[in-house]
Amino acid sequence: QACINQQCTDPCQCGENAICRVVDHRAICQCLEGYQGNPDVRCIAIGCQSDNNCPSDQVCSNRQCINPCLINDPCAPNAECYAEDHSAKCRCRDGYEGSPDGYTNCVVVGCKSNSECPPLMACINRQCVDPCIYANPCGANANCVSQNHAATCICPPGFIGDPQVACVETEPIVTEPPCRLDSDCASGLACLNEVCANPCEVIGPCHSTATCRVLDTVPYRTMICTCPDGWAPLADGRCRPLETEVPPGCVTDDDCPDVQACINRQCRDPCACGANADCQVTGHRAVCVCRPGFYGNPRIGCSPIGCTSNEECPDPESCYQGNCVNPCLIYNPCLPNAECYGQNHIGQCRCLPGYEGDGLYSCKPIGCRVDSECPDDQACYNGVCRNPCQVDNPCAANADCRASEHRAMCYCRPGMVGNPYSFCQEEVTAECQVDADCREGLACIMQVCQDPCLKSEPCHPSATCRVLSTVPVRTMVCVCPDGHVTAPGGSCQPIPILTGICTTDEDCSDTEACINNKCGSPCNCGPNADCRVLDHKPICVCKDGFAGRPELGCHEIDCESNDECPASHSCINKLCVPVCGVGNPCAPSADCIPTDHQPVCQCPTGTTGNPIQGCVPIGCQSNSECPPDRACQNGQCVDLCQFADPCNPPAECSVQNHDISCRCPDGYEGNPQTGCTPVVVGCRSDSECPPSLACINGQCQNPCEVLHPCAPNAICKVIDTLPVRTITCECPEGYFGNAVVECRQTPPCETERGFELINNVCVCPEEKGKALDRNGDCIVCPISQGFTIIDGRCVCDSSRGFQNCAPNAFCQAERHRATCICVAGYVGDGDVACIFVTPTPPSTRPPVARTDAPIPEMTVNCLSDRIQVDIAAADATSAGSTALDGVLYVKGYSDRSECRAVINGIPPGGVLDFKVRFNTCGLIHVNGEAAFILVFQKHPKLVTHKAQAFHVKCIYKTGPATVTLGFNVSMFTTSGTIANTGPPPVCIMRIVADVEDDDDSNSPSDISSVQIGDRLKLIVSVTPTLIYGGFVRNCVAKTMDDENENTYLVTDENGCATDPSVFGEFFYDPTLNATVARFDAFKFPSSNSIRFQCNVRVCFGQCQPVNCGGIDVHGKKRKKRQADTFFVDVEDEDPHVVQTYNTGAFAEEIVVESNAILTFEKSERRVAVQPLEPEEVCISMVWFILALIITALLSLVAVAVAVSCWLLSYRRHERGVGPLPHPIDFPNPLFTTPEPLAEPSPDYITDDNDR
């Protein structure tokens, strides 16, 4: 029963002569046995006496009412038979035309444009055809619908996705159930378990031989079971075929000969090909092929070859030399990453998926940050849109992977059922009965939906087989590729006027591939990548000096900043290296994700913790608390495959939905539980092969394994490009070179010491003005300071008058003075003379080594950067005596060239300078002392009992120099001690102007007065700079007046600035060899004078930096250095203890004060303070200005008095009358206009002497 109007009522409302069953509260109607018709309306008895006892669309045959088309179908194969007035009649289907009765063959309606066709048809090749049949563009589970002359793809109800890719079944996520009553669902669906579904599929009320239909009754749906035409129901619900009088009747295609098909219960010829096409029947299905000399769609119609204009050719073909051909075969103007397609009879360009641009001038990879920026069938991986099925295929064996909504979706292949993510197996029940039961492109063969083209292989290998979704049976057409026509025997041959036409790669030369049926270069590599073709397959490799993904683009290895590297790389030592490669900071159990040139560590799904230290599984109580690829075991989310792998190799184990799943890897098939076998797949092109495989010799194979295109140490990858696979060769991390020829290991290079890796060679580039300094570091040689580059070393330029050294010597600055040192191969005093050391002349017999030489004379020089031992022979070699041979080396470091020297005979008076620099050969400062053991091995190859050892020590304090000679020892017991002293540390602090263009930046001049805001530097130096460094802290700014002293702390006890806006952080300036801080001039309100007082901790070597506000200050930047490995001497018999040492240890602390300066405000006049002479008087500037003003006022008063006196004297003189100042005949116009006036006579001053 069902709840109708709030009452439990029987839902049955079937028609007459029908029975009703109720399943899941829903009525199911079916005609009684012996009756047929619509059980929802009325079922009529099968028996009859005449046609009048039957409906108008049936006839009485063998006392049974039956469709007349089932008894005798008089129509052509492509015409439609219908019943009317108890007889069979014919008519052409939509889009076809022919005789009115349809008994002759129907032909496709001719047209020139879509407007001449019905809305459900499109004008293709001058004929109105169904665009869905001509070319179905829809993906799996999608329906093709003809609308407005075009094929439109839509997902059926209950499916979502891109219908051109695939439609996947989904359940909407809603808070309320989608339905509660059947009326809440769409037409044809019922509410089952609060979900709208097709009750025919869920309940399955009808037998497989009957057809189930859903009636939209309310409040509950009604299902009816009807038998097809020519079938009658039985009591158990099955349908039986009615007997016909006209033999031979049929039920399925198997009842007919192989060249016929069962159409309307009759075995008939299924051929319904178009004009100028031949038809062959294979497996009960028609195969249409254009006749020789014709081309086109053989199902619709073939046109003769030949044309005079483009209008005579179907779009997109164009008329070329009297033939209609694809315009892209004549001229392809597109870029490598673009494809050519015909439109309006000309070739157009468009970029391939994953690229953007116009296709003609530019096609660039589409960058991305999130999946939404990629096409629907691609996802964002490291800034590149890629097919997720190619990156990570999660599908099981016998399942296909399709990309949709940026995800990899899995589907069991046709004929397979199961979970496509774990295992697909063959479906036991019949999948289909007729071709219409299968999706488009498949036919029902042996009750299984299969591709008839693959099953029957009706076409010649040079032609392409396509399946048209015609009903009641599918039709296959054999179409020749562009530029080809059908030849006798069904083969395809190129049009003679075209060259380079092909069907497979074998039709082309070894350096070309068949692309769009034309031989061309398959190279499609990115910028800065080289391409070579091997067996028709392109091999992309980055050029020398470049790295990256050669199929997309390579970038220069050299870089200056991270911006010049990809987001997954960072610029280290001027090289773009993967941030998650060498030096990966993440724990082994964590994932490293390169983000914006930085490695980001994350714990994988199902784990937690610190990704740098380690990730641990998340605790759980059930599988629902774990990710799908983990299961809950013993309270932890774990990978079941790590505990028990039930898969039989080569099957792969994975966890899907918390359970173990076995799948055969790519290239294998079978049952992964029992064993996977290699897939034997025939192919003609790479597009027919699974991912990472290419078509080689007709088989899908891995080109990397077959062709071996890369060098032994290179990584070979297969890029799933179409139509030809692309092979890339890349050198792994730590290697360089042409990955096709050879990958060589990258040599180590100490870039932190200034060296550069150029063309994979570690050099100190002299062309960049660099050379070796006295410490062996590669620096920019300061030419402006009197240095020059000689033999790759930065030394004093003696030609400029800095130092006049002896011949064969070079000048080197030490302790602020020039020192002359003999070049290699010479010994002596570089200021006086350097003597050439004569090498041992070759002879037929090896020279006899002198092993009984006396103890040499040694002098120890304690220098600022090294300890130098001058060694001279104790006696001169006399005639007939052998040369003094031997080896000098620092004990424990005999294998290092800088720690050893070979003696090949010291000439009389000659001296050998043996130098050991600090921080090499184990020489360091320890509490103001530096020492090492010097071994004098008399034999050039062997250690004998006559070898001597000396303890050389320098004490950098005041004291006498002592020398204790050594004596013969056994087992390298130290013979004696050779000691000397070195210079003590001296601290100097100065205030100087911060001038960038100072001509002498090493010696900036002190200043005495400044204005507020002037840029200044506080320089703190500790000499000798090559021995000591300084750590500045507790700096105080104070006034010069000690009686009323003002103080302000600018750096704290850690050496960090208290207010960086007033006084900056200290930093090490390598040019000045000093610690420097920049600040703007300031003063105290009560005084114009200021100075600084600081505590300076003296370090041996450079002081270690201190982190202030996230940056390192004071010392040189910390360098991550590996512990040196000290080798035991080859000749040394006693064990050597490896020592560890630290530089930058504090020795002592010194209080130092700077010079004082005067600071004035901007409005004041800057006056330099100078010493006063005895007769000079110092006055205030204010009183001086007041004195000037008073003097000026007094001067003005004096001038006013003088003028007044002169005026009084002037008025006391008598005045006389004189003549007018002009002739009488020429009157003054001022007194004549406008009316005449009497002109007064001028006054003349009368002199008393004139009276």
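The values are calculated or read from the model by the stated rules, or taken from the named source; none is laboratory data. Treat the numbers as computed from the prediction; the structure is a model and nothing was measured. Note that we place each Cβ from the backbone using ideal geometry, even for glycine, and neighbour counts take in every protein chain shown.
So which residues in region 519-542 are touching a strand residue (DSSP E or B) at 6+ places or on another chain (Cβ under 6 Å), under 10 Å from P709 (Cα atoms) and among the aliphatic types (A, V, I, L, M), if there are any at all?
Across region 519-542, the qualifying residue is only I539.
Which residues, counting only those in region 1043-1100, are crowded, with 16+ Cβ neighbours inside 10 Å, assigned to a strand (DSSP E or B) and among the basic types (K, R)?
Within region 1043-1100, R1091, R1097 meet the criteria.
Find the strands (runs of 3 or more DSSP E) located wholly in region 598-650 whose residues include 1 or more that are polar (S, T, N, Q) and crowded, with 19+ Cβ neighbours inside 10 Å, and list them.
Passing ranges, in order: 607-610.
Being farther than 22 Å from G526 by Cβ and at pLDDT below 80 is the filter here; which residues of region 551-599 pass it?
E560, I572, N573, K574, V582, G583, N584 - these are the residues of region 551-599 that are farther than 22 Å from G526 by Cβ and at pLDDT below 80.
Return the residues of region 988-1009 that are at pLDDT below 85 and in a strand (DSSP E or B); say none if nothing qualifies.
D1006, S1009
Could you tell me whether region 619-638 includes any residue that is under 33 Å from the mean Cα position of the chain (by Cα) and under 30 Å from L534 (Cβ atoms)?
There is no residue in region 619-638 that is under 33 Å from the mean Cα position of the chain (by Cα) and under 30 Å from L534 (Cβ atoms).
I'd like to verify a number: residues in region 776-804 that are at pLDDT 70 or above and either part of a loop (DSSP other than H, G, I, E, B) or touching a Leu at 6+ places or on another chain (Cβ under 7 Å) (or both), how many?
Summing the residues that are at pLDDT 70 or above and either part of a loop (DSSP other than H, G, I, E, B) or touching a Leu at 6+ places or on another chain (Cβ under 7 Å) (or both) in region 776-804 gives 10.
Looking at region 309-330 only, could you name the residues that are touching a strand residue (DSSP E or B) at 6+ places or on another chain (Cβ under 6 Å) and of a type outside the set (G, A, S)?
N310, C313, P316, E317, N326, P327, C328, L329, I330
Every residue, every condition in (1) closer than 27 Å to G548 by Cα; (2) among the charged types (D, E, K, R), yes or no:
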residue: E652; (1), (2): no, yes
residue: N657; (1), (2): no, no
residue: P665; (1), (2): no, no
residue: T677; (1), (2): no, no
residue: S692; (1), (2): yes, no
residue: V724; (1), (2): yes, no
residue: N738; (1), (2): yes, no
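Can you tell me which of V448, V467, V479 is in contact (Cβ under 8 Å) with a residue 12 or more places away in the chain, of a type outside the set (K, R) and in contact with a helix residue (DSSP H, G or I) (Cβ under 9 Å, 6 or more places away or on another chain)?
V467
Taking C368, is it in contact with a Cys (Cβ under 7 Å, 6 or more places away or on another chain), touching a residue at least 12 places away in the same chain (Cβ under 8 Å) and closer than 18 Å to V655 by Cα?
In short, no.
Tell me, yes or no, whether region 705-720 has at least one residue that is touching a helix residue (DSSP H, G or I) at 6+ places or on another chain (Cβ under 7 Å), of a type in the set (G, A, S) and over 30 Å from C822 (Cβ atoms).
No, that holds for no residue.
Say whether the condition of being farther than 24 Å from G526 by Cβ, without any contact (Cβ under 8 Å) to a residue 24 or more places away in the chain and buried (at least 19 other Cβ atoms within 10 Å of the Cβ) is met by at least one residue in region 712-721.
No, region 712-721 contains no residue that is farther than 24 Å from G526 by Cβ, without any contact (Cβ under 8 Å) to a residue 24 or more places away in the chain and buried (at least 19 other Cβ atoms within 10 Å of the Cβ).
Out of region 519-556, which residues are among the β-branched types (V, I, T) and touching a residue at least 40 places away in the same chain (Cβ under 8 Å)?
Listed by number, the residues that qualify are I539, V541.
From the set of residues in region 216-233 that are hydroxyl-bearing (S, T, Y) and part of a strand (DSSP E or B), which is farthest from C31 (Cα to Cα)?
T222
Among the residues of region 488-505, which ones are within 17 Å of C328 (Cα to Cα) and either without any contact (Cβ under 8 Å) to a residue 24 or more places away in the chain or surrounded by fewer than 16 Cβ atoms within 10 Å (Cβ to Cβ) (or both)?
Hits for region 488-505 are P494, P496, I497, T499, G500, C502.
Can we say A833 is surrounded by fewer than 16 Cβ atoms within 10 Å (Cβ to Cβ) and either of a type in the set (D, E, K, R) or modelled with pLDDT of 70 or more (or both)?
It is true that A833 is surrounded by fewer than 16 Cβ atoms within 10 Å (Cβ to Cβ) and either of a type in the set (D, E, K, R) or modelled with pLDDT of 70 or more (or both).
Just the residues that are touching a Cys at 6+ places or on another chain (Cβ under 7 Å), closer than 20 Å to L189 by Cβ and free of Cβ contacts under 8 Å to residues at least 40 places away in the same chain, please, taken from region 212-245.
Hits for region 212-245 are C212, V214.
Kindly evaluate P336 against the criterion of being surrounded by fewer than 18 Cβ atoms within 10 Å (Cβ to Cβ), touching a residue at least 40 places away in the same chain (Cβ under 8 Å) and outside the structural domain of V107 (by TED's automatic domain parsing).
yes
Please name all residue pairs, on different chains or six or more residues apart, with Cβ atoms under 7 Å, provided the first residue is in region 189-204 and is under 18 Å from E176 (Cα atoms) and the second residue is assigned to a helix (DSSP H, G or I).
A190/D182; A190/P199; C191/D182; C191/D184; L192/P199; L192/V202
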